[in-house]
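One structure is given here, and the rest of the page talks about it.
The values are calculated or read from the model by the stated rules, or taken from the named source; none is laboratory data. This is a predicted model, so every value here is computed, not measured. Note that each Cβ is placed from the backbone with ideal geometry, even for glycine, and that neighbours are counted across all protein chains shown.
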There are 2 protein chains.
Amino acid sequence: MTNPCIICVAITGSVPTQADNPAVPVTISEQIESTHAAFEAGASIAHCHVRDDAGKPTSDPERFARLKEGIEAHCPGMIVQLSTGGRSGAGEERGGMLSLRPDMASLSVGSNNFPTRVYENPPALVDWLASEMITHDVKPEIEAFDLSHIVHATRMQADGRLKGPLYVQFVMGVKNAMPADERIFDFYIETLNRLAPDAQWCAAGIGPAQLTVNEWSISRGGHTRA
Amino acid sequence: MTNPCIICVAITGSVPTQADNPAVPVTISEQIESTHAAFEAGASIAHCHVRDDAGKPTSDPERFARLKEGIEAHCPGMIVQLSTGGRSGAGEERGGMLSLRPDMASLSVGSNNFPTRVYENPPALVDWLASEMITHDVKPEIEAFDLSHIVHATRMQADGRLKGPLYVQFVMGVKNAMPADERIFDFYIETLNRLAPDAQWCAAGIGPAQLTVNEWSISRGGHTRA
Ligand SMILES: [Zn+2]
Ligand SMILES: [Zn+2]
Ligand SMILES: [Zn+2]
Ligand SMILES: [Zn+2]
């Protein structure tokens with residue numbers, strides 16, 4: 001792939017709280033400011049989670065709306081990607097913000113283990129989130145925590161449950177899911193190219209794997225998440 | 001690998017009921033008879049599920065005990081493998097038969113999607129089942145529904161949660177999990193050999209994938225499940 005490098009910034013992941021790290025932005029205005037700083041530094045996609053007043057992950061569409069508006073005002077042209085990840089809600093709650101019509105939203109298409117629990121993405125919910133993204137013209141970023149998630153996304157594209165070229169993020173380094181493994185990283189790319197030749201991909205290494213995965217990603221012409 | 005071919009027979013999978021197919025054996029004595037027939041035909045491992053009186057999958061240790069005794073009496077030398085799969089119970093119930101000390105038991109080490117639901121194998125349950133298998137000297141057959149399951153099993157072996165050479169079954173063809181894909185099949189073998197050079201593997205294709213996966217397996221020197 002010869003795309004210009006897209007730098008994707010994850011503003012406030014779903015795990016850390018300010019108790020863990022006081023520098024992690026939590027209020028909407030703090031999030032907007034730190035996204036703005038990343039934008040000026042060259043980031044072009046903002047991957048967004050929101051928190052409730054107690055600092056806990058939530059899917060509250062009203063908070064997502066304020067964050068989205070703020071980023072659009074401060075960072076013209078930045079791609080806003082809202083998370084439909086499972087830490088912030090259960091069932092269809094997870095897609096309640098899709099009617100805001102963000103540029104992109106994350107979409108997990110399979111289930112896997114996380115450090116202490118099962119990350120549950122039941123087939124009916126996956127299909128519902130995908131159909132909501134079509135309805136509201138939201139481009140999904142497929143979150144691939146395992147190889148079958150990549151394969152499954154290509155099938156969903158083939159049968160029309162996902163539209164347009166796939167955009168897949170390889171996630172490595174989450175405990176009990178796929179670790180950072182270079183040979184597997186290359187096989188992810190090979191499999192995606194084989195089954196969906198028009199797809200694009202990016203990669204995220206979690207925790208200590210972050211820099212390593214970024215290096216692999218840059219050297220293979222993918223996008224990175226910082 | 002140059003092992004003699006092991007044929008593994010799955011007597012009564014966890015899904016079909018007699019309503020679907022009257023030829024599927026369900027009572028313990030029917031199961032013993034059909035295992036015996038497979039044994040005479042050359043099968044060397046019996047992968048066993050049991051049913052309750054209504055024909056529903058169960059983990060009832062008393063039923064597993066009767067099945068195990070019957071197979072041992074009718075099929076001397078046959079390896080008895082009891083299922084700890086998630087269709088037959090919830091939580092630690094799934095391992096209640098391990099104290100019977102069967103030769104082998106199935107062990108899922110990760111979670112994934114099944115046709116209509118999440119196949120849940122939370123990390124704490126996986127570790128508990130593995131420790132019970134060590135306690136009762138039961139050899140696990142790792143059920144790999146995705147690539148990270150293979151990788152995770154090699155980590156569990158490396159840190160002592162699994163003892164001795166791994167025995168891994170690649171499962172392909174379950175809807176919403178990994179489909180039958182020959183390039184991925186070969187990558188499964190490559191990854192297992194790379195991360196656990198002393199491991200053995202077998203493969204099961206589910207539904208229409210069964211014969212295809214058996215052929216791949218035989219041509220690569222693995223074991224098959226019929
Ligand atoms: Zn990205
Ligand atoms: Zn996220
Ligand atoms: Zn087998
Ligand atoms: Zn089974």
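Condition test on B:Ala158, is it at negative phi and within 14 Å of chain A (Cβ to nearest Cβ)?
In short, yes.
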- Message: Among the residues of the stretch B:203-226, what is the count of those that are touching a helix residue (DSSP H, G or I) at 6+ places or on another chain (Cβ under 7 Å) and under 25 Å from A:Asp181 (Cβ atoms)?
- Response: 4
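Do we have any residue at all in the stretch B:83-103 that's in a strand (DSSP E or B), farther than 30 Å from A:Gly91 by Cβ and under 14 Å from the mean Cα position of the chain (by Cα)?
no
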- Task: Would you check if there is a residue in the stretch A:14-24 being in a loop (DSSP other than H, G, I, E, B), touching a helix residue (DSSP H, G or I) at 6+ places or on another chain (Cβ under 6 Å), over 30 Å from A:Ala196 (Cα atoms) and at pLDDT below 90?
- Result: no
- Item | Any hit, the stretch A:115-127, residues being at pLDDT 95 or above, away from every other protein chain (no Cβ under 14 Å) and not in a loop (DSSP other than H, G, I, E, B) | no
- Just one of (1) away from chain B (no Cβ under 14 Å); (2) farther than 19 Å from A:Val9 by Cα; (3) surrounded by fewer than 21 Cβ atoms within 10 Å (Cβ to Cβ) trips up A:Gly70, so point out which. (2)
- Query: Can you find a residue in the stretch A:171-179 that is touching a residue at least 40 places away in the same chain (Cβ under 8 Å), within 12 Å of another protein chain (Cβ to nearest Cβ), of a type in the set (S, T, N, Q) and over 25 Å from A:Gly89 (Cβ atoms)?
  - Reply: no
- Among the residues of the stretch B:133-141, is there at least one that is out of contact with any Asp or Glu (no Cβ under 9 Å at 6 or more places or on another chain) and either among the aliphatic types (A, V, I, L, M) or within 8 Å of chain A (Cβ to nearest Cβ) (or both)? yes
- the stretch B:99-114: number of residues that are buried (at least 24 other Cβ atoms within 10 Å of the Cβ) and away from chain A (no Cβ under 14 Å): 2
